[in-house]
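Structure, as structure tokens:
Read the figures in this text as sums done on the coordinates, not as results from a lab. What you are looking at is a predicted structure, and each value in this text was computed from that prediction instead of being measured. Here the Cβ positions follow ideal geometry from the backbone for every residue, glycine too, while neighbour counts run over all protein chains shown.
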Amino acid sequence: MDRFEFYAPTKVYFGKKQETKVGEILEKSCYKKVLVHYGGNSAKKSGLLDIVCNSLKEHNVDYVTLGGVVSNPVLSKVREGISICKEENIDFILAVGGGSVLDSAKAIGYGVMNEGDVWDYYLGKKEPKACLPVGVVLTIAATGSEMSNSSVITNEEGGYKRALNHELGICKFAILNPELTYTLPNYQTESGCTDILMHTMERYFNKVKTLELNDQFAESLMRVVIMNAKILKDHPNDYDARAEVMWAASLSHNDITGSRTYGDWACHQLEHELGGMFQVAHGAGLAAIWASWARYVYQEKPERFARYARNVWDIREADDIKAALAGIDATEKFFKEIDMPINLHELLNRDITDKEIKELSYKCSFEENRTIGKFKVLTIEDMEKIYMMAK
Ligand code: NZQ
Ligand code: ZN
């Protein structure tokens, strides 16, 4: 890794009550009209939406609202948002919620500023030229979308889930108050922690010569997330634990632990199909698939998995193969401990059929038009085998 690019321009406002500043931030930025975008009921119920809207009113920032974003956000809502933005001359989108709301906001921003059908940009048929500026008041530590260049959207027609990764989609600012995550159900908290871990793991399991600094940063981040995920299971209102994972979420996916470009990302691709077809929580889907992927690929570079086992899980085993396998077992045990599923049966609460596995693999291979992964390049046959192992 003798060359890399690093770009993380998001301004972060971290800590208690930072959400009350949102009106002041937007007033200073001189935007004319804001779309306040939110999800189901959580932001209303917690009072956060009122806090945000009151702050905008106090600072004379004009706005309209659009709620109803679902987990695994859908294209129809994005299209609705694009129409509203065009009718109302919106020039800034404020997401109030989690990764789904934020990704929907980014998609609306792309749709407003680029010609034609926004879905074509998610299919990679066209490259976006611009995006409306987006900011976020975050309510869940998970995807890192607040500092990442990604937006992931599901097209309900066919259940296809696709990502658009472009630096135009990086947030202008992110308001991160760990207290806003107290109201999360345990399952979402732990699913979020799993996703945070996985954004670092996807980068860590690579075949390039990395910088020692990046590797040790990644290992620290993983240890901190594991420790705090366990604390949060029994103490959801522990501010310090919430703060650790919230900051880890952002740093796990803003490329500071290593570049996205040399990472593997196969587990994310395999999971996105699960999200598109079955609307499962993203982190839970990753937990269900990871150990099967790891056991399928670790022999490509066992010393990397052995290092992970020793430095993240304190496994004292001299033999690389044995250490690698012990590290995978330890990860699986941890997922169990935080009530995450470790196979597809546990994820879906039913058996997955062979026909569904074929469909998942077909979609994941973009109808046999791509391979996935870099640690080991996976063909459609490999994808099918991994889904089968995860059954
Ligand atoms: O809709 P509401 O009522 O807000 O409920 C949400 C939702 O049901 C709830 N929730 C959020 N904050 C809450 C809360 N409930 C109580 N209290 C709070 N403070 O939690 C549920 C999950 O929310 P969601 O936004 O869907 O979760 P997450 O942040 O995990 O986002 C998942 C989506 O992001 C994509 C995933 O694929 C998935 O579609 N990802 C986006 C990435 C990116 N843009 O960089 C990277 C990731 O790898 C991922 O693919
Ligand atoms: Zn993820």
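Under 5 Å between amide hydrogens, which residues at least 5 positions from Leu176 or on another chain qualify, with H placed 1.01 Å from N in the peptide plane?
It is Tyr13, Phe14, Gly15, by chain and number.
Have a look at the DSSP beta bridges in the range 81-239 and tell me what percent are antiparallel, nearest 5.
Rounded to the nearest five, the antiparallel share is 45 percent.
Quick one: Karplus J couplings for the range 134-143, per residue in order, coefficients 6.51, -1.76, 1.60, θ = phi - 60°, nearest Hz, x for Gly and Pro?
Result, rounded to whole Hz: 10, x, 9, 10, 8, 10, 8, 8, 6, 6.
Please list, ordered by chain and number, the residues whose modelled amide H lies under 5 Å from the amide H of Tyr63; skip anything fewer than 5 residues away on the same chain.
Val34
Distance from the Cα centre of the range 38-83 to that of the range 90-157, in angstrom?
14
Quick one: dipole size for the range 11-180, taken about the Cα centre, charges +1 on Lys/Arg Cβ and -1 on Asp/Glu Cβ, in debye to the nearest 20.
About 260 debye.
Pop out the ³J(HN,Hα) list for the range 70-84 in order, Karplus 6.51 cos²θ - 1.76 cosθ + 1.60 with θ = phi - 60°, rounded to Hz; leave Gly and Pro as x.
For the range 70-84, the Karplus curve yields 9, 4, 6, x, 10, 5, 4, 5, 4, 4, 4, x, 4, 4, 4 Hz.
Given H placed 1.01 Å from N in the peptide plane, which residues other than close sequence neighbours of Val74 have an amide H under 5 Å from its amide H?
Answer set, sorted by chain and number: Thr154.
Could you work out how far helix 239-252 tilts from the main Cα principal axis of the chain, as a 0 to 90 degree angle to the nearest 10?
It is inclined by approximately 80 degrees.
For the chain, give the magnitude of the charge dipole about the Cα centre (Cβ charges: +1 Lys/Arg, -1 Asp/Glu; no others), in debye to the nearest 20.
Around 360 debye, computed over the chain.
For the chain, what does -39500 (n - 2.57) per DSSP helix run (n ≥ 4), summed and divided by total residues, give at 222 nm, in deg cm²/dmol to the nearest 500?
The helix-only estimate for the chain comes to -16000 deg cm²/dmol at 222 nm.
Tell me, what HN-Hα J-couplings in whole Hz come from the Karplus equation 6.51 cos²θ - 1.76 cosθ + 1.60 at θ = phi - 60° for each residue of the range 16-21, using x for Gly and Pro?
Ordered by residue, 3J(HN,Hα) equals 4, 6, 4, 5, 6, 7 Hz.
Name the residue from Ala284, Gly135, Ser148 whose Cα lies farthest towards the positive end of the charge dipole of the chain, charges +1 on Cβ of Lys and Arg and -1 on Cβ of Asp and Glu.
So the residue we want is Gly135.
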